[in-house]
Amino acid sequence: MAGAAKSSLQHQHSASFVSRLLILLTLLPLTLALFAFLLQWRGGLTDPVTRWSPDHHQFPGMDNPSVSSSSSLRGSSNGGHSSGCSDLLGRSRSASFPYYKNWNFDFSSDLKPKICITTSTSAGLEQTLPWIFYHKVIGVSTFFLFVEGKAATPEISRVLLTIPGVKVIYRTRELEEQQARSRIWNETWLASFFYKPCNYELFVKQSLNMEMAIVMAREAGMDWIFHLDTDELIHPAGAREYSLRQLLLDVPGNVDMVIFPNYESSVERDDIKEPFSEVSMFKNNFDHLPKDVYFGNYREATRGNPNYFLTYGNGKSAARIQDHLRPNGAHRWHNYMKTPNEIKLDEAAVLHYTYTKFSDLTSRRDRCGCKPTKDDVKRCFMLEFDRAAFIIASTATEDEMLRWYQERVVWTDKELNLKLMRKGILNRIYAPMVIVQGLREAGVFSNVIAMAQANLTSPENNNSSETAKSGVMISSRKIGQKEEFQATARRVLQVGDDEISLPSAVPPQSPPGQVVIQ
């Protein structure tokens, strides 16, 4: 009896232990799953660490809901339509990032290195805003915009002035006179580009603006400076993350200049409206291709055009801010006291969105007053395709221009595209498209415009005060006019009497042409 009772008790104890073990094994994964869910769940709440951080910043305009609502009311009062700029740049008023949740920019941070971009532009907001904020995403903190034409109008420039880190420099008479007294104006390395119209004049303006931007970058405490056009995006491939800061942080300290080979856009349609959001196919640079692949596919890659690329192929460069730095044309930098130690990147590139819109044919034609002849266009354009495009835009009908554009620019042959993609000539790059689309959907561009419309009621006063506040008292005369000015070297660019000889400015150049292999 006692043994049976003891056996029964042990059996009950064992069954109870097994039951508890089963319950534990059941509850443990459920608890872990719940814990994991709580870790991932955001619930639309603001992260308290981010919210109360002293260096928390949002995009301009995103911290003022009244601006968005008032802007929406203005749109509805106009028959349900907002302004043309807001329509083109997206109407979303959402303050969230679909790809980078709670990402914000700390404009006063001590993150290194500090990177700036200088440009000379006449573009509108539909091009400039995506260009600025894309580069902010990858780590650029400061922009020196030398504006004229459309970009210098009050409705455009007052929007640019509201963006933290953006300095706007107007092409005034004072700017031209100051640049005409600058050092490089009186030096021989740029002399061959003076007193010529159109692209040559732009090249000289860019070089003079770059010289001023060096001084401004030093005063702002920048570590690196780029010169880019507003149809170019930096593609920081090869870094541990998609970050230009990370890419330049890994550059050895003894390197003075970093060359980014350029990739050229290869549009697949003739109705592109927003190149940064619609173009994903690019032609790789000669520097990033095996020679046998490049020359072996050269004829198919050019498709009857004068060169492998439609326009330039010698890339752009970044320079480390240091004593005696100077521009060497729009594509390179140099130094008055030494030959810069430069490296060329194996993966990173500058994406050049050239002739991405059919309207680019006529817009280039309207900017230049040359005669549409083979001899006269050489006075205006350095590259052969630009000359051919100017002639066709000046002499052909609209239908003839469209047919020429489709044959020479648009990549409609899918079999050829696939073949060249397999060879490595063509390449798909989606990161810029994803970032720009994300910024647009988040309402970044439209909110910047809305804030400017709400807060800047007197653009004339703002322009003058902002220019003075930036310390930019500069003027620029017509580069084609011959006037004499006294040469005055800037303090940061002064060198001794034993000045080394200066190489000629580096103009835009095409990649190597096809060669006959014996």
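The values are calculated or read from the model by the stated rules, or taken from the named source; none is laboratory data. These figures come from a predicted structure and were not determined experimentally. Heads up, the Cβs are rebuilt from the backbone with ideal geometry, glycines too, and the neighbour counts pull from every protein chain shown. Side chains included, ligands, DNA and RNA excluded: accessible areas come from the protein's heavy atoms. Shrake-Rupley method; radii C 1.70, N 1.55, O 1.52, S 1.80 Å.
Results for (1) at pLDDT 95 or above; (2) surrounded by fewer than 16 Cβ atoms within 10 Å (Cβ to Cβ); (3) of a type in the set (Asp, Glu); (4) more than 17 Å from Thr302 (Cβ to Cβ), shown as yes or no for each residue.
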residue	(1), (2), (3), (4)
Lys378	no, yes, no, yes
Phe390	no, no, no, yes
Glu400	yes, yes, yes, yes
Trp404	yes, no, no, no
Glu407	yes, yes, yes, no
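Looking across Val515, Val434, one residue alone is exposed (fewer than 12 other Cβ atoms within 10 Å of the Cβ), out of contact with any strand residue (DSSP E or B) (no Cβ under 9 Å at 6 or more places or on another chain), on the phi < 0 side of the Ramachandran plot and at pLDDT 50 or above. It is Val515. Residues in the range 186-211 that are part of a loop (DSSP other than H, G, I, E, B) and among the charged types (D, E, K, R) were compared, and the one that is least open to solvent (accessible area, probe 1.4 Å) is Glu187. Just one of (1) among the small types (Gly, Ala, Ser); (2) free of Cβ contacts under 8 Å to residues at least 24 places away in the same chain; (3) open to solvent by less than 40 Å² (accessible area, probe 1.4 Å) fails for Ser280. It is (2). Among the residues of the range 309-322, those identified as open to solvent by less than 40 Å² (accessible area, probe 1.4 Å) and either of a type in the set (Lys, Arg) or under 20 Å from Phe203 (Cβ atoms) (or both) are Phe309, Leu310, Thr311, Tyr312, Gly313, Asn314, Gly315, Lys316, Ser317, Ala318, Ala319. Restricting attention to the range 172-219, the residues that are farther than 21 Å from Pro508 by Cβ and touching a Cys at 6+ places or on another chain (Cβ under 7 Å) total 1.
Do we find a residue being touching a Phe, Trp or Tyr at 6+ places or on another chain (Cβ under 6 Å), modelled with pLDDT of 95 or more, open to solvent by 10 Å² or more (accessible area, probe 1.4 Å) and not basic (Lys, Arg) anywhere in the range 288-300? Scanning the range 288-300, I find no residue that is touching a Phe, Trp or Tyr at 6+ places or on another chain (Cβ under 6 Å), modelled with pLDDT of 95 or more, open to solvent by 10 Å² or more (accessible area, probe 1.4 Å) and not basic (Lys, Arg), so the answer is no. Selection of the range 124-156 for residues being touching a strand residue (DSSP E or B) at 6+ places or on another chain (Cβ under 8 Å) and not β-branched (Val, Ile, Thr) yields Trp131, Tyr134, His135, Gly139, Ser141, Phe143, Phe144, Leu145, Phe146, Glu148, Ala151, Ala152. Among the residues making up the range 266-318, those that are under 18 Å from the mean Cα position of the chain (by Cα) and acidic (Asp, Glu) are Glu274, Glu278. All of (1) within 26 Å of Pro511 (Cα to Cα); (2) over 29 Å from the mean Cα position of the chain (by Cα); (3) at pLDDT below 95 hold for Lys419 with one exception: (3).
The set of residues in the range 128-178 being among the polar types (S, T, N, Q) and within 30 Å of Lys112 (Cβ to Cβ) consists of Thr128, Ser141, Thr142, Thr162. The single condition among (1) out of contact with any Lys or Arg (no Cβ under 6 Å at 6 or more places or on another chain); (2) within 15 Å of Leu325 (Cα to Cα) that Met222 does not meet is (1). Among residues that are buried (at least 16 other Cβ atoms within 10 Å of the Cβ), more than 30 Å from Lys273 (Cβ to Cβ), modelled with pLDDT of 95 or more and in contact with a Phe, Trp or Tyr (Cβ under 9 Å, 6 or more places away or on another chain), Leu325 is included. Being modelled with pLDDT under 95 and over 30 Å from Thr356 (Cα atoms) is a property that Ala220 lacks. Taking only the range 395-440 into account, find how many residues are part of a helix (DSSP H, G or I), among the hydroxyl-bearing types (Ser, Thr, Tyr) and in contact (Cβ under 8 Å) with a residue 60 or more places away in the chain. The total comes to 1. Checked against (1) open to solvent by 10 Å² or more (accessible area, probe 1.4 Å); (2) touching a residue at least 12 places away in the same chain (Cβ under 8 Å), Gly253 meets all criteria but (2).
Entry remark, the range 220-250: residues being open to solvent by less than 20 Å² (accessible area, probe 1.4 Å) and among the aromatic types (Phe, Trp, Tyr) number 2 in total.
For the range 328-374, a residue qualifies if it is touching a helix residue (DSSP H, G or I) at 6+ places or on another chain (Cβ under 6 Å), part of a loop (DSSP other than H, G, I, E, B) and farther than 26 Å from Phe286 by Cβ, and the qualifying residues are Phe358, Cys370, Pro372. Yes or no: Val448 at pLDDT 95 or above and within 24 Å of Val137 (Cβ to Cβ)? Spelling it out, it is not the case that Val448 is at pLDDT 95 or above and within 24 Å of Val137 (Cβ to Cβ). Just to be sure I understand, how many residues within the range 494-512 are modelled with pLDDT of 75 or more and surrounded by 14 or more Cβ atoms within 10 Å (Cβ to Cβ)? Adding up the residues that qualify gives 8. When Ser192 is tested against (1) over 20 Å from Cys368 (Cβ atoms); (2) touching a residue at least 60 places away in the same chain (Cβ under 8 Å), only condition (1) is not met. Just need a number here: residues in the range 409-431 that are open to solvent by 70 Å² or more (accessible area, probe 1.4 Å) and either touching a Leu at 6+ places or on another chain (Cβ under 6 Å) or of a type in the set (Ser, Thr, Tyr) (or both). The total comes to 2.
Within the range 358-372, residues that are under 16 Å from Thr121 (Cα atoms) reach partners that are at pLDDT 85 or above and among the aliphatic types (A, V, I, L, M) with beta carbons closer than 8 Å, at six or more positions or on different chains, in the pairs Arg364/Ala389; Arg364/Ala393.
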